[in-house]
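Chemist: Encoded as structure tokens, here's the structure I'll be asking about.
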């Protein structure tokens, strides 16, 4: 793909992915305000934006075999955790942006857990070991098999964990 088109596809992917998340947050707010039809509309459009972002991503990235995908996911988490979040955390602290610094710190800690899960999955790929996963809806921390009483990253209660199917 030519560079200009690749840049355009990347921009479209990023914007569609952001729109998808933004609309899901709008839907949640509409539900809180007891506006279920508006929430339904936001979720419908979010679904469409998700489709757009996946189509753009498919033009940019190859989805390989599972082992290769696990290796790429592990490397991505390691890079984000080892390079990007430490820098962003430091800059947030320097700027006196405590809320952003807290989110960066928690995300860094959670990304480390993601990398460990990918590594474990790579090690057990042949054995096809099964596990259930629970995700903290506050910070994104993932645990296997059973949700803890409180999140080790953000101290959210067990009720804030969702089982991933």
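Chemist: Collect the residues in the range 130-145 that are assigned to a loop (DSSP other than H, G, I, E, B) and either surrounded by 11 or more Cβ atoms within 10 Å (Cβ to Cβ) or touching a strand residue (DSSP E or B) at 6+ places or on another chain (Cβ under 7 Å) (or both), keeping them in residue-number order.
Modeler: Answer for the range 130-145, where residues must be assigned to a loop (DSSP other than H, G, I, E, B) and either surrounded by 11 or more Cβ atoms within 10 Å (Cβ to Cβ) or touching a strand residue (DSSP E or B) at 6+ places or on another chain (Cβ under 7 Å) (or both): 131, 132, 137, 138, 139, 140, 141.
Chemist: Now for a different question. Take the residues of the range 146-165 that are touching a helix residue (DSSP H, G or I) at 6+ places or on another chain (Cβ under 8 Å) and without any contact (Cβ under 8 Å) to a residue 40 or more places away in the chain: which is surrounded by the most Cβ atoms within 10 Å (Cβ to Cβ)?
Modeler: Going through the qualifying residues, I end up with 151.
Chemist: Quick one: would you say residue 40 is part of a helix (DSSP H, G or I) and under 17 Å from the mean Cα position of the chain (by Cα)?
Modeler: Here the answer is no, as residue 40 does not meet what is asked.
Bear in mind that the values in this text are calculations on the coordinates, not laboratory data. None of these values were measured; they are calculated from a predicted model. Heads up, the Cβs are rebuilt from the backbone with ideal geometry, glycines too, and the neighbour counts pull from every protein chain shown.
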